[in-house]
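S.K.: Can you keep this structure in mind? I'll have questions shortly.
The values are calculated or read from the model by the stated rules, or taken from the named source; none is laboratory data. Bear in mind the structure is a predicted one, so any value in this text is a computation, not a measurement. Positions of Cβ are generated from backbone atoms using ideal geometry, with glycine treated the same way; all protein chains shown enter the neighbour counts. Keep in mind that these areas ignore ligands, DNA and RNA; they rest on the heavy atoms of the full protein, side chains included. Shrake-Rupley method; radii C 1.70, N 1.55, O 1.52, S 1.80 Å.
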Amino acid sequence: MDVSDRTLTSLGFDDVRAAIGSRCRTEVGKARGIARPFLDGIPEVLASLELVEEATRLKQEPLSLPIGGLIDLRPSLDRATKAGMLEPRELMAICQALFAFERAYEVLQERREKVPGLAALGRRMPLLGRLATRLDRSFEASGEISDRASDELRDARERARGLHRRIRARLDDLLRDEKFATNLREGYYSVRNDRYVVPVLSSHQREVEGIVHNASQSGQTLFVEPQELIGVGNELAIANSVVLEEERKVLMELSQLVSREAAKIEDGLLAASELDELEAIAVLSLDLHATTPTVHPAHGPLNVKGLRHPRLVLKGDQVIANDVDLSQGARALVVSGPNAGGKTVTLTGIGLCALMVRAGLPIPCDPGSSIPLFNQVHSAIGDLQDLEQGLSTFSAHVTVLKSVVSTAKKGALVLIDEIAADTDPREGAAIATAVLEDLLEKGALVLVTTHLEELKALAHLDPRFVNGRVGFDAKKMAPTYRLQLGAAGASSAIDIARRVGLPEAICLRATHLAENAGGALSKALQAAEDERRKMLDQRDQAERDAREARELKANAEAQLAEVQRKKKEEELKFRESLRAELEYARTQIRALVERLETDRSDKALKAAKESAAEISARINEQTVAERHVRTELKSGPEELAPLEIKVGAKARHRSLDAEVEIVDVSQDAVVVTMGALRMRVPSSELLPPKKSAVTPSRFPSSAGKREEQIKRAEATAAKPMTLASPTLDLRGQRAEDAMREVERFLDRVSRDGEAAAILLHGHGTGALKAMIREYLRSSPYAKSFRPGDGPEGGDGVTVVVLA
């Protein structure tokens, strides 16, 4: 990738690098981000973009890898490999990194199907659990070496602590001695030069034998180590030196352990920093609403949809998205229009996106965009200036053009702002045309901005050139920042001068002079711009109307669904209440039947049984209806097709709740068919059909007919029941008692949502079996029934498929 520092500065690529670095969470990752390099070729770019997409998927979970806060361990690792002793803080940082490696590895391996590239990076991080545990138990949270680091260190510290306790105990005794205390400035002891001392009045020095270690500024107080503690103090000094030596041994041992794994740890650190950088790029991509474009070779077409300038998006500015399309043989885009209208933003936006793609970064554009992988990017955008500053002088501009023309080659992207300006327009146009033709002959892709009329005309003479313009709203006296391809733009210089406050008389005079000085093209361009603005306004209004219509439709559908839901809830409450009353009535009638059976009154018994059967049928009917309403409430409102009263149309019969087909239409009634059944019904009895209803072909192909027969046979074939199916054992019961049990059992399993049940009645005389199956033929609980198979119990059981 050939790009100069001046081009990187003028396009602002360092701002993108800084944005990556600011989103990194490790020292090495930040260093990688702010030095993000350009990649060699398309395979490397595509691999990088794929890794960024994987990192973006992790961020959208949302999930961040547990690698935050890792510092650069390479200096410490390098010193350890040279037999150096590491400090506790360095060893603790290495310990933290090892635990982070392990946690990040586990996270990535759990998601290796979703993020295979990141998981492969994660496998570079070493799993050194034993070393991490050894380091962890060797230090306290404060950073002090722990007694657990070695037995020798623990023993040495225990001896030193014992000597401390012994000295302090003796000092406490001395302070309590009234004779000794009269020699002291105050009743306390302290430590001077690692020795325990007491504050002795200088006038009483002879009364306290010992070594003077320090004195107050006034000289009135001497800090004396009592003579009787000197020996113990010497022992403590020796013990402390032993402790220091043991601590040094621990640090050396740990440093040697680290040195053995230094290469693995360093490679893991680099892998973690790469993961951190990828996560930062993913965050930046989400902030920019960036997408991955199709990447072509350097001489391929450029088609960026919905381009948004990355730097402006990062600043939080409201950015107008524009399309830039150079395909079908076009290799140069000439952008014209008013000053401050967005011409330079278009150039720098394309240039910055080209650099980002070369660095393996997504770009802020719409899906479906494509961009070549340029091998050079040249810019002549001012004299090391920002977008808001003025243009460079003509001589400096020509110097930059000379450098660009001399170095550009096939596959280069060249960006020139206000080409050949600040000189005589005719000569400037001639120079600009010659430069552009030379660049195109060399195979470069060129984007330029201009106010020169001659350059705007190139698109009509040479198919390699395409015009583009940024609009200016004459009513609002402001640029629109919208780029329109295929048309040249007027400079609108007089309108802008009026906007910034140039006196109106001067503006009117300038308008008159421009019209008389060959301003016909400018007037035509202005008229075209006004016409385009009207069309854009009409399109925007149409989009608003369509959006409002969609919102109204959605609100109406939501209101209809809510009305249907409330209606079903009310119906469900009514049916639950009615079924409860019928249950109570059935209980009363059953009690009456039992009493009549005891009295053996045949006529009364028959009447009671008929009443019980009628009540049971009503209860069964309400149970099925209640279940149907409850199912509709759970599944939500049905989507219905429009009701059409015409021959051949589908409808739904209100009372039967079944799909029917209209075969004849008259003024007062409609003739419909439902299978083999033909009936005449009022049109008010028909409802719209369900949208999912599909009209079957009346003449299916033989292959389709055979397949349909096979599926129907498979669907109706008896399926063996499992032991998990609810079973009712009726063997040995009287017929009347058995029938009551069957009805209760089917009611219960139907409420439990079971799909099937088994009635075990045995063979016997066959009377109970016949009565049960006769009942099932009319029972609303039974969708179908059949005798059991061999493994299920044969004809001694009846398998019921519940409705």
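S.K.: Could you grab me the full set of residues in segment 255-280 that are within 27 Å of the chain's Cα centre (by Cα) and either at pLDDT below 95 or among the hydroxyl-bearing types (Ser, Thr, Tyr) (or both)?
M.R.: Ser273, the sole residue that qualifies.
S.K.: Name the one entry in Gly33, Gly41 that is among the small types (Gly, Ala, Ser) and out of contact with any helix residue (DSSP H, G or I) (no Cβ under 7 Å at 6 or more places or on another chain).
M.R.: Just a single option satisfies the conditions, and that option is Gly41.
S.K.: Can you tell me which condition Val242 does not meet? The list is (1) touching a Lys or Arg at 6+ places or on another chain (Cβ under 8 Å); (2) exposed (fewer than 15 other Cβ atoms within 10 Å of the Cβ); (3) within 25 Å of Arg157 (Cα to Cα), and all the others hold.
M.R.: (2)
Here's the yes/no breakdown for (1) part of a helix (DSSP H, G or I); (2) within 30 Å of Val647 (Cβ to Cβ); (3) open to solvent by less than 80 Å² (accessible area, probe 1.4 Å); (4) at pLDDT 80 or above:
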site	(1), (2), (3), (4)
Pro696	no, yes, no, no
Phe699	no, yes, no, no
Met721	no, no, yes, no
Ala724	no, no, no, no
Gly732	no, no, no, yes
Val742	yes, no, yes, yes
Lys769	yes, no, yes, yes
Ile772	yes, no, yes, yes
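S.K.: Now, a different point. Within segment 620-655, how many residues are under 49 Å from the mean Cα position of the chain (by Cα), hydrophobic (A, V, I, L, M, F, W, C) and at pLDDT below 85?
M.R.: Adding up the residues that qualify gives 7.
S.K.: Still on this structure, I have one more. Just the residues that are under 25 Å from Glu44 (Cβ atoms) and open to solvent by less than 30 Å² (accessible area, probe 1.4 Å), please, taken from segment 292-322.
M.R.: Pro293, Val295, Ala298, Gly300, Leu302, Val304, Leu307, Pro310
S.K.: Is at least one residue of segment 244-254 within 30 Å of Val107 (Cβ to Cβ), modelled with pLDDT of 95 or more and in a helix (DSSP H, G or I)?
M.R.: Checked against the condition, which is being within 30 Å of Val107 (Cβ to Cβ), modelled with pLDDT of 95 or more and in a helix (DSSP H, G or I), segment 244-254 yields at least one hit.
S.K.: Go through the residues of segment 39-47 one by one and say whether even a single one is of a type outside the set (Gly, Ala, Ser), surrounded by fewer than 17 Cβ atoms within 10 Å (Cβ to Cβ) and under 22 Å from the mean Cα position of the chain (by Cα).
M.R.: Yes: one or more hits.
S.K.: Going through Val345, Val283 one at a time, which residue ends up being open to solvent by 10 Å² or more (accessible area, probe 1.4 Å) and under 23 Å from the mean Cα position of the chain (by Cα)?
M.R.: Val283
S.K.: Could you tell me whether Asp325 is under 27 Å from Val283 (Cα atoms) and either at pLDDT below 95 or among the hydroxyl-bearing types (Ser, Thr, Tyr) (or both)?
M.R.: The answer is no for Asp325.
S.K.: Would you list the strands (runs of 3 or more DSSP E) that sit entirely within segment 258-348 and hold 1 or more residues that are on the phi > 0 side of the Ramachandran plot?
M.R.: In segment 258-348, 302-307 are the strands (runs of 3 or more DSSP E) which contain 1 or more residues that are on the phi > 0 side of the Ramachandran plot.
So that you can scan it fast, the table gives a plain yes or no per residue for (1) outside any helix (DSSP H, G or I); (2) under 22 Å from Leu8 (Cα atoms); (3) in contact with a Gly (Cβ under 8 Å, 6 or more places away or on another chain); (4) of a type in the set (D, E, K, R):
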site	(1), (2), (3), (4)
Ala19	no, yes, no, no
Lys30	no, yes, yes, yes
Gly33	no, yes, yes, no
Phe38	yes, yes, no, no
Glu44	no, yes, yes, yes
Ala47	no, no, yes, no
Glu50	no, no, yes, yes
Leu58	no, no, no, no
Pro62	yes, no, no, no
